[in-house]
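What follows is calculated from the coordinates using simple rules that are stated; it is not laboratory data. These figures come from a predicted structure and were not determined experimentally. Neighbour counts run over all protein chains shown; Cβ positions are idealised from the backbone, glycine included.
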Amino acid sequence: MIKKYLIIFVLLPVLALAQHSISGNFTPPEDYKMAIIYKVNPSDALYVAHTNIDEKGKFNIVLDSTVSSGMYRLVYGVPQEEYNFDFIYNAKEDIVFDFNPETGIEFKKSVENQLLTSYTNSMGMVSQSIGMYYREQSKDTTALKEIFKVQRETQAQFEKAADGTIALNFINANKPYIPSQPEDLKTYINNLKTHYFDYVDFNNEILLSSNFLIERVLNYVFGMSNTGETETEIYINNIKEVSKVLKPVNSELKLYLYQVLWQQMVDSDFEVVANFIVDYHLLKLAKTQKQTEFLKELESYRQTSIGSIAPDFSFEVEGKEAIITKSLYELNESENYILVFWSSTCGHCLKEMPELHEMMQTFTKEQMQVIAIGLEDEQFRWKSETYNFPLFTHVLGLGKWENKIGKQYNVTATPMYFVLDKDKKIIAKPYDYPTLRTYLAEQPYED
């Protein structure tokens, strides 16, 4: 018995030494309730621990020796994919940080995270100096050569300081193109593009366990430009260049990168670019990975892009003697049609629908008609609201977000508008009612 107790008492200090903590201070404190930590791997994120954030915005989580080094993610709100940030945990030190949504995260304690932050800031300052030199159209090549020298030395110093750390993976991968001699702006930009991915290893597990790779791709697509090209042309040409770099990359990673890139284009209303990504990359990759639901989403997006013929659907209307079933394609009384997806439980809808109804009084039936599809869980409140909009053709879409018509049109929020011509081709997708009103005001309509 004595030996057993001696062993326990000897081990306790060792276990205590192996423990490290993550502490944070969130401001404003009232906006934060809980902190959840995950270990991020190339293919998944594993739950580690969680705790409440107190009324002062503070929390502390102790990690024992079973928590290994690597990339970690702290989630502080919902949706989790939006309210989070990544950090390095090397299992050798405590981490202390301050977080504010305006200024971001500042590490007060953590050699690795502070090192990476310092590197990013230092290289950013050098990049600003390079940009200023070219903007001022300076002819002092000696000054430019000195700036490039500082950039080269800064990179080397941080690589040396980060030797043996997880942070070195990011410092190496972020190494920029640095000319040995001064270059004119056009040559420099071309070389930046050519060598942008030179040091990026798409098989590096640390990079795969972070947002680095997708941020690198997005920065290239949205950040590299050519004079004389439209935004659409720039993005498509940049994606073509990215595709060359991604050729040897495994299909699972390629699917993820193109999927995020596609979503960015969708959110930015670059439909031509989004459909380019679908046609040349995503369809094949999604089929290979057997992503059935995502394939349906892609097809729905293509069908509801500007220039496409709107998906047909059937609906019931009250005739003089009986209920009549009609379809969108059968409508032929008007030059244009507005499809509006709304809900009787949607506050924005209840504000915009009366405005839309009032505006429709300025059009004749031959000029414009509105088909209002109510995405609802039940019909009674919807039916009551429809009496306020007698000029609209009303369609009940039970099932809310799972409604067949809503899914055909890839509706993820209400209200959502589509403007169709007489042939049911989609000619506009206004973001909201003010955008719709502006669009219609700019169109020539015959009396």
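Close amide H contacts of L398 (hydrogens built in the peptide plane, cut-off under 5 Å, sequence separation of 5 or more or a different chain): E376. Per-residue Karplus couplings for the stretch 193-201, computed as 6.51 cos²θ - 1.76 cosθ + 1.60 with θ equal to phi - 60°, are listed in order as 5, 4, 9, 4, 9, 4, 10, 8, 9 Hz, Gly and Pro entered as x. A simple spin-label model places the labels of S138 and N203 4.2 nm from each other, with each point 7 Å out along Cα-to-Cβ. Placing unit charges on the Cβ atoms of the charged side chains and taking the dipole of the stretch 330-441 about its Cα centre, the candidate lying farthest along the positive direction among A413, F389, A372 is A413. For F85, the amide hydrogen comes within under 5 Å of the amide hydrogens of L74, counting only partners 5 or more places away or on other chains and with H modelled in the peptide plane. If the segment from D377 to N121 were pulled out straight at 0.36 nm per residue, it would be longer than the present Cα-Cα gap by 87.1 nm. Across the stretch 162-174, rounded Karplus estimates of 3J(HN,Hα) from the backbone phi angles (6.51 cos²θ - 1.76 cosθ + 1.60, θ = phi - 60°) give 8, 3, x, 9, 5, 4, 4, 4, 6, 5, 5, 5, 8 Hz, Gly and Pro being marked x. In this calculation the C-beta distance from Q289 to H195 is compared with R0 = 41 Å, giving a FRET efficiency of 0.85. Remark: the N60-N41 segment gains 4.5 nm on full extension, using 0.36 nm per residue and subtracting the alpha carbon distance. Less than 5 angstrom separates the built amide H of E229 from none of the residues sequence-distant by 5 or more or on a different chain. When +1 charges are put on Lys and Arg Cβ atoms and -1 charges on Asp and Glu Cβ atoms, the dipole computed for the stretch 110-210 relative to its Cα centre reaches about 320 debye.
Of E231, E82, E299, which has the largest mean-square fluctuation in a 10 Å C-alpha GNM of the chain? Greatest mean-square fluctuation among the candidates belongs to E82. Remark: the stretch 258-273, residue by residue, has Karplus-estimated 3J(HN,Hα) of 5, 5, 5, 4, 4, 5, 4, 5, 4, 5, 8, 6, 9, 5, 4, 5 Hz, where x stands for each Gly or Pro and the curve is 6.51 cos²θ - 1.76 cosθ + 1.60 at θ = phi - 60°.
For the stretch 137-265, the C-alpha radius of gyration sits at 1.18 times the compact-globule guess of 2.2 N^0.38 Å, with N the residue count. The order of W401, W382, W342, going from fewest to most other C-beta atoms within 10 Å of their C-beta, is W401, W382, W342. With neighbours defined as other Cβ atoms within 10 Å of a residue's Cβ, the residues I405, I309 order from fewest to most as I309, I405.
Remark: the Cα gyration tensor places the stretch 299-447 in the rounded category, a/c being less than 1.5.
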